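The values are calculated or read from the model by the stated rules, or taken from the named source; none is laboratory data. Please read all numbers here as calculations on a predicted model, not as lab measurements. Note that we place each Cβ from the backbone using ideal geometry, even for glycine, and neighbour counts take in every protein chain shown. What goes into the accessible areas is simple: the full protein's heavy atoms, side chains included, and nothing from ligands, DNA or RNA. Shrake-Rupley method; radii C 1.70, N 1.55, O 1.52, S 1.80 Å.
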There are 2 protein chains.
Amino acid sequence: MKDLFGSPGKVSGLVLRIGQCLFATASIAVMASSSGFYTTTAFCYLIASMGLQVLWSFGLACLDAHALRKKRDLQNQVLVSLFVVGDWVTAILTLAAACSSAGVMVLFIRDSNFCSKQIQVACGMIQISIALAFVSWFLLVVSSYVMFWILASV
Amino acid sequence: MKDLFGSPGKVSGLVLRIGQCLFATASIAVMASSSGFYTTTAFCYLIASMGLQVLWSFGLACLDAHALRKKRDLQNQVLVSLFVVGDWVTAILTLAAACSSAGVMVLFIRDSNFCSKQIQVACGMIQISIALAFVSWFLLVVSSYVMFWILASV
């Protein structure tokens with residue numbers, strides 16, 4: 001197995017997982033605290049998807065921390081295959097959630113002027129939450145490519 | 001280089017590319033013929049993104065057909081790297097476009113009952129176009145994974 005940036009059981013891998021977790025948590029917190037988000041399915045789906053990502057990334061961060069402390073090697077074929085599937089499924093769900101929310105936000109701001117008419121919907125906060133979701137997705141994609149590369153280069 | 005299903009310069013690769021091209025073209029045709037799509041940015045972006053996918057997949061289908069006729073081998077490192085980057089960029093843009101359109105469509109049908117009120121917007125046609133875009137994206141993802149696998153396993 002190759003020793004790449006972001007590999008499982010390395011410090012860079014742990015940092016990536018913690019980053020994904022933090023940005024996903026921040027996205028949930030900002031969305032949940034913005035008024036009027038619950039009227040739109042896409043924004044609720046973003047919270048659900050970010051929740052899944054927090055669970056997945058936190059679990060892998062714990063595994064990385066354990067492997068670093070006990071100096072264990074996590075790079076065996078079965079574990080990496082599991083990481084690849086989980087990472088890709090989570091990454092696709094996260095991108096889908098972020099993009100559907102962004103599509104609705106563009107409709108609200110640009111196509112219908114809904115945000116300037118309906119002041120009870122916190123459009124600014126929802127936009128920040130979507131941006132945080134995209135950052136979290138980007139960090140997850142880096143992990144996903146590294147995992148797939150490790151699996152393919154066995 | 002490995003000889004996988006969907007590899008460049010093989011019949012399976014050519015079939016995948018033709019499939020991507022056909023579904024993307026069908027998605028554009030259905031969306032463009034549905035009334036009222038141009039009022040929403042997400043639907044216009046879907047047409048643009050599907051257009052890019054048609055260009056990319058048609059180009060690669062021609063290359064595959066040429067390689068099959070002349071019995072050339074397309075699996076060298078530089079070409080496969082180019083295919084990987086192009087495939088992944090196109091796949092991410094296509095998924096983003098399909099998901100943002102789907103998010104808007106769910107808002108129209110479920111959250112706001114816009115489709116039952118505004119009969120001048122052809123919601124049924126737009127849904128078919130989005131479904132075709134998802135099928136096209138799925139075929140593109142198969143190509144993308146095969147390309148990445150070939151590149152990583154050199």
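I'd like to compare A:30-39, B:37-46: which one has the highest average count of other Cβ atoms within 10 Å, and what's the full order after that? Mind showing how you got there, number by number?
Details: A:30-39: 16.3, B:37-46: 20.6.
Per-residue mean Cβ counts within 10 Å order the peptides as B:37-46, A:30-39.
Which are the unpartnered cysteines of chain B, meaning those with no other cysteine Cβ under 4.7 Å from their Cβ?
For chain B, the answer is B:CYS21, B:CYS44, B:CYS62, because their Cβ atoms have no other cysteine Cβ under 4.7 Å.
Can you give the accessible area per residue of segment B:48-126, in Å², using a 1.4 Å probe?
Values: 3910 Å² over 79 residues.
Normalised by residue count, the accessible surface of segment B:48-126 is 49 Å².
Shielding of B:103-110 by partners, i.e. mean partner chain Cβ atoms within 10 Å per residue?
Numbers: counts 18, 8, 2, 7, 10, 2, 1, 2.
Other-chain Cβ atoms within 10 Å of each residue's Cβ, averaged: 6.
Averaged across B:33-45, how many Cβ atoms of other chains sit within 10 Å of each residue's Cβ atom?
Partner-chain Cβ atoms within 10 Å, mean over residues of B:33-45: 2.
Shielding of A:81-87 by partners, i.e. mean partner chain Cβ atoms within 10 Å per residue?
The shielding value for this peptide is 0.
Output ³J(HN,Hα) for segment B:112-125: one whole-Hz value per residue in order, computed from phi by the Karplus curve 6.51 cos²θ - 1.76 cosθ + 1.60 with θ = phi - 60°, and x for Gly and Pro.
Karplus-based 3J(HN,Hα) across segment B:112-125 equals 10, 6, 4, 5, 6, 7, 9, 6, 7, 9, 7, 4, x, 5 Hz.
Could you pull the Rg and Dmax for chain A, using just the Cα atoms, both in Å?
Calculated on Cα positions, Rg and Dmax stand at 17.5, 57 Å.
Calculate what fraction, in whole %, of the accessible area of segment A:2-154 sits on carbon and sulfur atoms when a 1.4 Å probe is rolled over the protein chains.
Within segment A:2-154, the accessible surface is 73 percent carbon and sulfur.
Select from segment B:1-61 those trypsin sites (Lys or Arg not before Pro) which occupy a DSSP coil region and have at most 13 other Cβ atoms within 10 Å, ordered by residue number. All intermediate terms of the calculation are to be shown ahead of the outcome.
Working: sites: B:LYS2, B:LYS10, B:ARG17; in loops: B:LYS2, B:LYS10.
Loop-located and lightly packed - B:LYS2.
Collect residues whose amide H, placed 1.01 Å from N in the peptide plane, falls under 5 Å from the amide H of A:SER7; neighbours closer than 5 in sequence don't count.
Here the answer is A:GLY13, since their amide H atoms fall under 5 Å of that of A:SER7.
Can you give the accessible area buried between chains A and B, summed over both chains, with a 1.4 Å probe, in Å² to the nearest 100?
Summed over both sides, the interface buries about 2100 Å².
Please give the helix B:77-106 orientation as an angle from the longest Cα principal axis of chain B, in degrees from 0 to 90, rounded to the nearest 10.
So the inclination is approximately 10 degrees.
Report the extension gain between B:SER33 and B:SER81 in nm, rounded to one decimal, defined as 0.36 nm multiplied by the number of residues separating them, less their alpha carbon distance. Before the final figure, lay out the partial values.
Details: separation 48, 0.36 × 48 = 17.28 nm, distance 3.69 nm.
So the chain would gain 13.6 nm between B:SER33 and B:SER81.
Using only the alpha carbons of segment A:71-113, determine the length spanned along each of the three principal axes and report them from longest to shortest in whole angstroms.
55, 19, 7
Taking 45 Å as R0, compute the FRET efficiency from the Cβ-Cβ separation of A:LEU52 and B:ARG69 and round it to 0.05.
0.45
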